[in-house]
Amino acid sequence: MTGTGGPVASFSVWDYVVFAGTVLGAAGIGLFQAIRGRKNTSSDEFLLGGRQMSAVPVAMSLTASFMSGITVIGTPAEAYLYGAAFWIFGFSYAIMSVITAEIFVPLFYRLGITSTYEYLEMRYNKLIRVVGTSMYIIQTALYTGMVIYAPALALNQITGLNLWGVLVATGVVCIIYCTLGGLKAVIWTDVFQMVIMLAGFVAVIARGAVIQGGLGRIWDDASKGGRLDAFNFNPDPLTRHTFWTIVVGGSIMWTSIYSINQSQVQRYISCKTLAHAKMSLYVNMVGLWVTVSLAVFSGITMFSIYKDCDPLSNGDVGALDQLLPYLVMDILAAYPGVPGLFVAAAYSGTLSTVSSSINALVAVTVEDFVKPVWKDLTEKQVLWINMGLSVFFGAVCIGMAAVASLMGSILQAALSVFGMISGPLLGLYLLGMFFRTTNSTGGLTGLILGLVITLWVGIGAQIYPPTPDKTNPLPLSTAGCNRTVHFNATTVAPWTSAVTFPPLTEERPALADSWYSLSYLYFCVLGTLVTMTSGLLVSAITGGCKQERLRSDLFVRKNDLICFNCGRHAQDSEPELVEKDGSELKKGTDNLAFTVSAFDITDRDMEKVTKM
């Protein structure tokens, strides 16, 4: 009986049909876009959709890219064990959307870049661009492996689907439509997959409401179980989730994801006007609100059903991330095809994120490594390289799934990876965009120091996980279970999921309960602050930018915050040159000077240009 423990039903034929149909439908959309755009084979079309995308599909793609299978499975489980605090991320999404749309979008759109890391060479030098791109590739490959592996593992243990068979199939489907269809295929399949993901949440909530006698009963059970005590204003940075860690740490972390991550930037710079680019982020914000609200309420629904018989403590499932698949098979198996829809929802999130990552990895590799070395490539050669790299990175991401299997809780691990690497990168961009005195030496030193510090605390937290008094899991009960399955050696503790690294020694070092217990949401804040502080200090010591003259469009402008020219294309903006004190060079030589060099311009170069 539902909610009293024990084995649940397995997949029916109709579930397999619905699941397979959804995956094939996604691949079909990608193939359709490939056939539709076969006459336009330019690299710009492949990587940026010809810069002609509109706001709504791009917004849905932005939402789907990081509302992955990890979100579909991890967020409800998070709400089930820790309560509705995760919903406060809605504030973080709003802050992130405003910062990204009003500061970063105008800058990148004005520069007309394809790879986010082109900016690093324009502002600093080639070395920093290569370092930034390499950090992004490592981060994205690891994150994508996590996205592929974690939902596959959870669903395999519940539905019996072959783990590695599904992993490879996921990668192959993404490779096919990424290789043939480019960014347009990725965006339009994201739109389709976003609808499927939301439908999966709605199905769980609707059926749960029927079983429990209404949404009011679910809400009442969650309140009595402490799941609605979301607003914890404790300022302690060691507490995993508080209002401050989520709003402050979460805002900066999500800003680092949406503002400088190639997977996201590539979408909004594909828009046909700046107005569409900005609007895509605000529509995306609403999409994130809807998704996280449905995911958290799904977790609350799950608690209402299992409040008297926790499947984790009862041994019905071995990990936190298997809870939602278990619930689906428990309450929806009587409706053939509906469990298949949920599995399709989880895998739609996976397909969306993997395809976005592959496309972005191809873009940065071509722009940052291939084109600077082989400058005389034809459009057709570049297209073949794009397609070949899509296959290569698809295989790499599947391979990284094995590494991801060693991580802990998938939701926290995924966000921790972004915090550790994106934090220092965000600090590097902010130094370049807001501080004219920052030089290349300061920027590189700050980036390295920031990365070292965040990797230190992040890896330490993985080896010595914070204790329950820092993570605050809420109580669970098995009083209403029909039977109890005793834990075996492979069963993990209720407040963890998947596999965690065992402590290297029996005793925890002194740093384990202080430095290593820092909330994972502060990793990004830490990396950003260390990078900016040390970068400014080293730049001051090494003389700042005394000899450098930089284009003014490499910096944030006041009118970026007011959409005067939102309808103009990126290439319409005029580059200007500034000296260290911010004074502009003569207007009449701006465009001519820009033709001499895209980066730093010497006095001798300017004399030549003026004589022309």
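Numerical summary
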{"item": "Surface share of carbon and sulfur [accessible, 1.4 angstrom probe, percent] for the stretch 242-302", "result": "88 percent"}
{"item": "Per-residue HN-Hα couplings for the stretch 324-340 [Karplus 6.51, -1.76, 1.60; θ = phi - 60°; Hz; x = Gly/Pro]", "result": "5, x, 4, 4, 4, 5, 6, 9, 10, 5, 6, 10, x, x, 5, x, x"}
{"item": "Over 21 Å (Cα to Cα) - which of K272/K371; K307/K470; K278/K375; K126/K371 fall in this group", "result": "K272/K371; K307/K470; K278/K375"}
{"item": "In nm, spacing of pseudo-spin labels at V202 and V130 (7 Å Cα→C-beta vector)", "result": "5.1 nm"}
{"item": "Additional length obtainable on full extension of the chain from L511 to R557, 0.36 nm per residue less Cα span", "result": "12.3 nm"}
{"item": "Per residue accessible area of the stretch 231-302, 1.4 Å probe, in Å²", "result": "25 Å²"}
{"item": "Label-zone membership for the stretch 436-468, site T542, 7 angstrom Cα→C-beta point, backbone N under 17 Å", "result": "436-452"}
{"item": "³J(HN,Hα) computed for each position of the stretch 450-462 - Karplus, 6.51 cos²θ - 1.76 cosθ + 1.60, integer Hz, glycine/proline x", "result": "x, 5, 4, 5, 5, 5, 4, 6, x, 5, x, 5, 6"}
{"item": "Separation of the Q381 and A334 label points, Cα + 7 Å toward Cβ, nm", "result": "6.5 nm"}
{"item": "Extension reserve of the F434-N162 stretch, reckoned as 0.36 nm per residue once the Cα distance is removed", "result": "92.8 nm"}
{"item": "Residue-count net charge about A203 - beta-carbon cut-off 14 Å; Lys, Arg +1, Asp, Glu -1", "result": "-1"}
{"item": "Cut-off 11 Å between beta-carbons: net charge of the residues surrounding A222, Lys and Arg +1, Asp and Glu -1", "result": "+1"}
{"item": "With DNA, RNA and ligands ignored, accessible area of L426 (1.4 Å probe; Å², nearest 10)", "result": "10 Å²"}
{"item": "Amide hydrogen neighbours beyond the local backbone of C271, cut-off 5 Å, H modeled", "result": "M53"}
{"item": "W374-I448 FRET efficiency (beta carbon distance; Förster radius 35 Å; 0.05 resolution)", "result": "0.75"}
{"item": "Protein accessible area in the stretch 78-161, 1.4 Å probe - carbon and sulfur %", "result": "70 percent"}
{"item": "Ranked packing of 88-94, 441-447, most packed first, by mean Cβ within 10 Å", "result": "441-447, 88-94"}
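The values are calculated or read from the model by the stated rules, or taken from the named source; none is laboratory data. Since the model is a prediction, treat every value here as computed from it, not as a measurement. Cβ coordinates were reconstructed from backbone atoms using ideal geometry, including for glycine residues, and neighbour counts include every protein chain displayed. Please note that ligands, DNA and RNA were not included when accessible areas were found on the heavy atoms of the full protein model with its side chains. Shrake-Rupley method; radii C 1.70, N 1.55, O 1.52, S 1.80 Å.
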